[in-house]
Amino acid sequence: MHNLSPSELSILLLEPSDTQRKIIISRLQQEGVTSIQTANTISAAKDIISRHKPDLIASALHFDDGQATDLLLFIKQHSEYQDIQFMLVSSECRREQLEVFRQSGVVAILPKPFNADHLATALNSTIDLISHDELDLTHFDVHNLRVLVVDDSRMARNVIKRTISNLGIQLITEAEDGAQAINIMQQNMFDLVITDYNMPSVDGLALTQYIRNESQQSHIPILMVSSEANDTHLSNVSSAGVNALCDKPFEPNLVKQILYKLLEE
């Protein structure tokens, strides 16, 4: 298990409202967080990040000089900042406005107002992502597990890779969509497939159907990671042969539990 606690996390809180900033600081302190820097603009946040890289950015959505997506893109495009975790705190509830954050691999999307459980889960997910807590498997050496990660978002693939790498998985192959995954699987054997649902060309459902009905690896465990909330779609992928479903953004501890269950059965 990890040895970190919320008191050891360094957090940058990006919030334009003085009132909201005070509320969120109070909530963070209640969870044991003591290292909190604050900013009220995107430019101020970038300046702070360049001087003192935080473990986690907790950000509102709208600012006078830009959007949270601007800052998210900034940290994802700079290799020295890519391990900074990002949490959105917003009253925005429109799916299309939040989808970019789900697909980019944020650690959490918290509503305004959020409760203590929401925040504790996000902090624990951050700790899991920056810690190393290897899977202890009976039937596999975790270092020899061959995993295929399929997602059309490079940022989402990076988050999945980082999450499973922290669990001790080292042999990771990437595919940008289901079509590429099929080509790769025709030439390579894997122990696990982790795939997105929504992808161009061949989506997660079609990939699952190929694996179960046409491939030489029809019994391989499949974990689908999706922000899809449509019950019909989810029912379809379950009946097609997906072993487990996980939401975006996902919790690393939940992923660990799912993988343990899939690989130990």
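Collect the residues in the stretch 102-118 that are closer than 21 Å to Ser17 by Cα and either of a type outside the set (S, T, N, Q) or open to solvent by less than 40 Å² (accessible area, probe 1.4 Å) (or both), keeping them in residue-number order. Talk me through it step by step, then tell me what you get.
Filtering the stretch 102-118 down to residues closer than 21 Å to Ser17 by Cα leaves 108-116, 118.
Ala108, Ile109, Leu110, Pro111, Lys112, Pro113, Phe114, Ala116, His118, listed by residue number.
With respect to the numbered conditions (1) under 17 Å from the mean Cα position of the chain (by Cα); (2) open to solvent by 10 Å² or more (accessible area, probe 1.4 Å); (3) among the β-branched types (Val, Ile, Thr), which one is the sole condition not fulfilled by Val193?
(2)
Is at least one residue of the stretch 48-59 under 17 Å from Leu123 (Cβ atoms), β-branched (Val, Ile, Thr) and open to solvent by 60 Å² or more (accessible area, probe 1.4 Å)?
Applying the first criterion (under 17 Å from Leu123 (Cβ atoms)) to the stretch 48-59 yields 54-59.
With the extra rule that they be β-branched (Val, Ile, Thr), the set shrinks to 57.
Okay, now just the ones that are also open to solvent by 60 Å² or more (accessible area, probe 1.4 Å), so none.
Checked the stretch 48-59: no residue is under 17 Å from Leu123 (Cβ atoms), β-branched (Val, Ile, Thr) and open to solvent by 60 Å² or more (accessible area, probe 1.4 Å).
Mind listing whichever residues of the stretch 72-101 are closer than 21 Å to Asp151 by Cβ and either crowded, with 21+ Cβ neighbours inside 10 Å or of a type in the set (A, V, I, L, M) (or both)?
The answer is Leu72, Leu73, Ile75, Ile84, Gln85, Phe86, Met87, Leu88, Leu98, Val100, Phe101.
When you check Asp117 against the structure, is it part of a loop (DSSP other than H, G, I, E, B), at pLDDT 85 or above, over 22 Å from Ala45 (Cβ atoms) and not polar (S, T, N, Q), yes or no? Spell out the reasoning first.
Details: part of a loop (DSSP other than H, G, I, E, B): no; at pLDDT 85 or above: yes; over 22 Å from Ala45 (Cβ atoms): yes; not polar (S, T, N, Q): yes.
No; evaluated as a whole, the condition is false for this residue.
Across the stretch 4-30, what is the total count of residues that are surrounded by fewer than 18 Cβ atoms within 10 Å (Cβ to Cβ) and either acidic (Asp, Glu) or under 13 Å from Thr126 (Cα atoms) (or both)?
Qualifying residue count for the region: 6.
For Ser235, which of the numbered conditions (1) crowded, with 21+ Cβ neighbours inside 10 Å; (2) at pLDDT below 95; (3) not in a loop (DSSP other than H, G, I, E, B) fails to hold?
Ser235 satisfies all of (1) crowded, with 21+ Cβ neighbours inside 10 Å; (2) at pLDDT below 95; (3) not in a loop (DSSP other than H, G, I, E, B) except (1).
Could you check how many residues of the stretch 134-159 are part of a helix (DSSP H, G or I) and open to solvent by 80 Å² or more (accessible area, probe 1.4 Å)?
Step one: filter the stretch 134-159 for residues part of a helix (DSSP H, G or I), giving 142-144, 154-159.
Those still in the list that are open to solvent by 80 Å² or more (accessible area, probe 1.4 Å) too: 144, 154.
Selection size over the stretch 134-159: 2.
Is the stretch 160-180 home to any residue that is part of a strand (DSSP E or B), crowded, with 20+ Cβ neighbours inside 10 Å and free of Cβ contacts under 8 Å to residues at least 60 places away in the same chain? First the steps, then the outcome.
Filtering the stretch 160-180 down to residues part of a strand (DSSP E or B) leaves 171-175.
The next check asks that each one be crowded, with 20+ Cβ neighbours inside 10 Å; those that pass are 175.
Next, only the ones that are free of Cβ contacts under 8 Å to residues at least 60 places away in the same chain stay: 175.
Yes - at least one qualifying residue is present in the stretch 160-180.
Could you count how many residues in the stretch 33-47 are out of contact with any Phe, Trp or Tyr (no Cβ under 9 Å at 6 or more places or on another chain), buried (at least 16 other Cβ atoms within 10 Å of the Cβ) and among the polar types (S, T, N, Q)?
So the count comes out to 2.
If only one of Lys261, Lys256 is in contact with a Leu (Cβ under 8 Å, 6 or more places away or on another chain), modelled with pLDDT under 90 and either open to solvent by 70 Å² or more (accessible area, probe 1.4 Å) or not β-branched (Val, Ile, Thr) (or both), which one is it?
Numbers: Lys261 fails: in contact with a Leu (Cβ under 8 Å, 6 or more places away or on another chain).
Of the residues listed, the single one that is in contact with a Leu (Cβ under 8 Å, 6 or more places away or on another chain), modelled with pLDDT under 90 and either open to solvent by 70 Å² or more (accessible area, probe 1.4 Å) or not β-branched (Val, Ile, Thr) (or both) is Lys256.
Within the stretch 202-214, track down each residue that is open to solvent by 20 Å² or more (accessible area, probe 1.4 Å), among the polar types (S, T, N, Q) and in contact with a helix residue (DSSP H, G or I) (Cβ under 7 Å, 6 or more places away or on another chain). Can you show your working first?
First, pick out the residues of the stretch 202-214 that are open to solvent by 20 Å² or more (accessible area, probe 1.4 Å): 202-203, 205-206, 209-210, 212-214.
When the remaining residues are screened for being among the polar types (S, T, N, Q), the result is 209, 213.
Result: Gln209, single match.
Can you spot a residue in the stretch 104-113 that is among the basic types (Lys, Arg), touching a strand residue (DSSP E or B) at 6+ places or on another chain (Cβ under 7 Å) and either in contact (Cβ under 8 Å) with a residue 60 or more places away in the chain or on the phi > 0 side of the Ramachandran plot (or both)?
So the first thing to find is which residues in the stretch 104-113 are among the basic types (Lys, Arg), and the list is 112.
If we keep only those that are touching a strand residue (DSSP E or B) at 6+ places or on another chain (Cβ under 7 Å) too, we end up with 112.
From what is left, the residues that are either in contact (Cβ under 8 Å) with a residue 60 or more places away in the chain or on the phi > 0 side of the Ramachandran plot (or both) are 112.
Checking the stretch 104-113: at least one residue is among the basic types (Lys, Arg), touching a strand residue (DSSP E or B) at 6+ places or on another chain (Cβ under 7 Å) and either in contact (Cβ under 8 Å) with a residue 60 or more places away in the chain or on the phi > 0 side of the Ramachandran plot (or both).
The values are calculated or read from the model by the stated rules, or taken from the named source; none is laboratory data. These numbers were taken from a predicted model, which means no experiment stands behind them. Cβ atoms come from the backbone with ideal geometry, glycine included; neighbour counts cover every protein chain shown. Note: accessible area is taken over every heavy atom of the protein model, side chains too, but ligands, DNA and RNA are not part of it. Shrake-Rupley method; radii C 1.70, N 1.55, O 1.52, S 1.80 Å.
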